[in-house]
Amino acid sequence: EGPFWENESLYEKAPDSESTTWMNFGGDKVWPAPQSGWQHIAPTNWPPPVGFDATPVEADINGWEVTLISPIDPNFGIRTRRHIVLEPGRAQMTITTTFVKVNGAPLNTSIWTLTQLKNPVGIYSPTAVMTGFLEGFMLLAGERPPSLKVTDGILSLTRDPKKPHKIGLDAHTLLWAGQESMLIINSPRIVSADYPEKGSSIAVETVPDPQGYVSLETMGPMQRVIPGDTMERRSTYRLLRRTELEPDLDVQKLLD
């Protein structure tokens, strides 16, 4: 059993670019940020742009590496390429995501990666040493998560089964802790760069029951692209076994 959440209700179904509702298959995906800009480029601001989330992609497998290439999104004029590398002998995966601006008007965007994971026992992030956020985080939607706390520079929270929550941080590491394992996601933040979602380079969204998953998200800096331009973002995923009874102790050992 891995940490990734998959939507069992969509097993054996194909994406539908004509759907007016979001077919959320789960797993790891990439969108253009900020979401608030979709309505100025696509016909609507929801569901996500079809070329990024509702169209089959081409896959090329070469040993421990997989490359996924999307069609060109009809509104953004962007093709995505995701190069996935499994490290032999290690429980580690690196995903390099590239946006290729093929056609259409210039636009400002950011690479936004969403990793949907099963219900955790805890989510953690070391807050930035020189954070620009007053409390070490920024509310992006809804109310402050009731379980959220910041102790000795480490932010932690659990999933609320009744209400959705979303926060952003100006940091670069997210950690999901399950009953037996932990997944740590790293995606470097560039100092002084312009980031979407109120300056957030990472975000945590918790989804209530019945779906009951969490989304750990990383965002690259905003970049203006014209046809012929590319932009790239790399994230590293590392899976570890838990060794302590309390997840806070595992996290403390890992992040010290």
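Out of all the residues in segment 233-244, which are open to solvent by less than 70 Å² (accessible area, probe 1.4 Å) and either more than 17 Å from the chain's Cα centre (by Cα) or at pLDDT below 95 (or both)?
LEU240, ARG242, GLU244
Determine whether segment 14-22 contains at least one residue that is closer than 26 Å to GLY212 by Cβ, free of Cβ contacts under 8 Å to residues at least 40 places away in the same chain, under 18 Å from the mean Cα position of the chain (by Cα) and open to solvent by 30 Å² or more (accessible area, probe 1.4 Å). Talk me through it step by step, then tell me what you get.
Taking segment 14-22 first, the residues closer than 26 Å to GLY212 by Cβ are 14-16, 19-22.
Among the residues that remain, those that are also free of Cβ contacts under 8 Å to residues at least 40 places away in the same chain are: 16, 19-22.
Now drop any that are not under 18 Å from the mean Cα position of the chain (by Cα), which leaves 22.
If we keep only those that are open to solvent by 30 Å² or more (accessible area, probe 1.4 Å) as well, we get 22.
Taking every residue of segment 14-22 in turn, at least one turns out to be closer than 26 Å to GLY212 by Cβ, free of Cβ contacts under 8 Å to residues at least 40 places away in the same chain, under 18 Å from the mean Cα position of the chain (by Cα) and open to solvent by 30 Å² or more (accessible area, probe 1.4 Å).
So HIS40 passes all but one of these: (1) within 20 Å of the chain's Cα centre (by Cα); (2) assigned to a helix (DSSP H, G or I); (3) not β-branched (Val, Ile, Thr). Which condition number does it fail?
(1)
Restricting the search to segment 70-95, which residues are part of a strand (DSSP E or B) and open to solvent by less than 60 Å² (accessible area, probe 1.4 Å)?
Filtering segment 70-95 down to residues part of a strand (DSSP E or B) leaves 78-86, 92-95.
Scanning segment 70-95 gives ILE78, THR80, ARG82, ILE84, VAL85, GLN92, MET93, THR94, ILE95.
Are any residues in segment 170-186 at pLDDT 95 or above and either of a type in the set (Gly, Ala, Ser) or touching a Phe, Trp or Tyr at 6+ places or on another chain (Cβ under 6 Å) (or both), and if so, which ones?
LEU175, ALA177, GLY178, SER181, LEU183, ILE185
The values are calculated or read from the model by the stated rules, or taken from the named source; none is laboratory data. All values reported here derive from a predicted model rather than from experimental measurement. Cβ: placed from backbone, ideal geometry, glycine included. Neighbour counts: every protein chain shown. Heads up: the accessible areas ignore ligands, DNA and RNA and are worked out on the full protein's heavy atoms, side chains in. Shrake-Rupley method; radii C 1.70, N 1.55, O 1.52, S 1.80 Å.
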